[in-house]
Amino acid sequence: MAAIGNGQEMPLPLSAQRRRNLPAGAALSWLGAGWRDLWRNPGPSLLYGLAVFAVSAVIVWGLFRLGLDYILFPALAGFMVMGPLLAIGLYQKSRAIEQGEPVSLSRMIFVKAASGGQVWYTGAILSLLMLVWMRAAVIIYALFFGLRPFPGLHEVAAMLFGTPIGWAMLLVGTVVGGLFAAFSFAISAFAIPMLLDERVDAFTAMGTSISMVWRNLPVMIAWGAIVLALFLVSVATGLLGLIVVFPLLGHATWHSYRALR
């Protein structure tokens, strides 16, 4: 708080109230806190994770059914962009546990955010970002391979790793995808929990999220690595791992927000 002329105190700017320079090891404590929340009345969390798995499986099946398997990898990356919004019900459960309130699946589904409709406005921005990334991935493929049809997932490894053009596309795709991933992570890491918990607008939440990430780079890099590793484990299990991994990361994300608040 800062003093003003009449002896009263004026609140510091929102960004100045946030914690800075947490050690990288704090990410493990967030994960541990998320694990405890997951297994405290686990039914709603696991059902939430099951629903995310079911919807994801249907989308992947639909891509193959419609011959759109060439956008599978961009779609998986897009899932990570949308993940913070999809996890809002898990933030609600962790907040309820923190405040000693009852936990139920209905309260996790029908969430009342302190910011009102601003949370859905942020979701629309994240959806747009996901669509732009998917279009960029298709354009990158076309730039390197022209109008050549996608050979299918069973041949894509040989195409990418067995030709100079494939290696070049991998390099460019990694750089472009990394930029998209870094930006989406920065704007969404704390924005959705903040909109659930505080009366702020979407752009303030996203801007504050970027500031919190920037001022805590070591722990946020560690946290991003944990999220990516657990997501890859989920993909390796045919997305079944999402049933546990998604609720775990959702609850842990709430604790990351509270730790830096």
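Please state the relative contact order of the chain as a whole percent: Cα pairs under 8 Å, 6+ residues apart?
Relative contact order, the chain: 39 percent.
Can you give the helix-only mean residue ellipticity at 222 nm for the chain, where every DSSP H stretch with n ≥ 4 adds -39500 (n - 2.57) and the sum goes over all residues, rounded to the nearest 500 deg cm²/dmol?
Rounded to the nearest 500, the figure is -24000 deg cm²/dmol.
Relative to the longest principal axis of the chain, what angle (0 to 90°, nearest 10) does the C-alpha long axis of helix 164-188 take?
20 degrees
Most fluctuating residue of L170, L66, L131 in a GNM of the chain with Cα springs under 10 Å: which is it?
L66
Helix 88-99 sits at what angle to the longest principal axis of the chain, using alpha carbons and giving 0 to 90 degrees rounded to 10?
Helix 88-99 sits roughly 30 degrees off the main axis of the chain.
Contour minus end-to-end for N21 and T163, with contour as 0.36 nm per residue of separation and end-to-end as the Cα-Cα distance?
So the chain would gain 46.8 nm between N21 and T163.
Simple spin-label model, 7 Å along Cα-to-Cβ: F183 to F203 in nm?
Modelled inter-label distance: 1.7 nm.
Among 85-91, 44-50, how do they line up from the highest to the lowest mean number of other beta-carbon atoms within 10 Å?
85-91, 44-50
R65 to V172: FRET efficiency via 1/(1 + (r/R0)^6), r the Cβ-Cβ distance, R0 30 Å, to the nearest 0.05?
Efficiency for this residue pair is about 0.50.
Rounded to the nearest 0.05, what FRET efficiency do A57 and W214 have when you use their Cβ-Cβ distance and R0 = 35 Å?
In this case the efficiency is close to 0.45.
Once you have the Kirkwood Rh of region 164-261 from its Cα pairs, apply Stokes-Einstein at 20 °C and 1.002 mPa s and quote D in µm²/s.
Here the translational diffusion coefficient equals 144 µm²/s.
With viscosity set to 1.567 mPa s and temperature to 4 °C, compute the Stokes-Einstein D of the chain, Rh being the Kirkwood radius across alpha carbon pairs; µm²/s, no decimals.
For these conditions, the coefficient is 66 µm²/s.
What spacing in nm lies between the two simple spin-label points modelled at F73 and T237, each 7 Å away from Cα in the Cβ direction?
Calculated label separation equals 2.4 nm.
Using the basic label-point model (7 angstrom from Cα toward the beta carbon), what is the I109 to L28 distance in nanometres?
Placing both labels 7 Å beyond Cα along the Cβ direction yields 3.8 nm.
Report P(r) for region 37-147: all Cα-Cα distances, bin width 5 Å, range 0 to the bin holding the largest distance, values in whole percent.
All Cα pairs considered, the percentages come to 2, 10, 16, 18, 17, 13, 10, 6, 4, 2, 1, 0.
Rule-based calculations on the coordinates, nothing more; no lab input. Every value quoted in this text rests on a predicted model; they were computed, and no experiment measured them. Cβ: placed from backbone, ideal geometry, glycine included. Neighbour counts: every protein chain shown.
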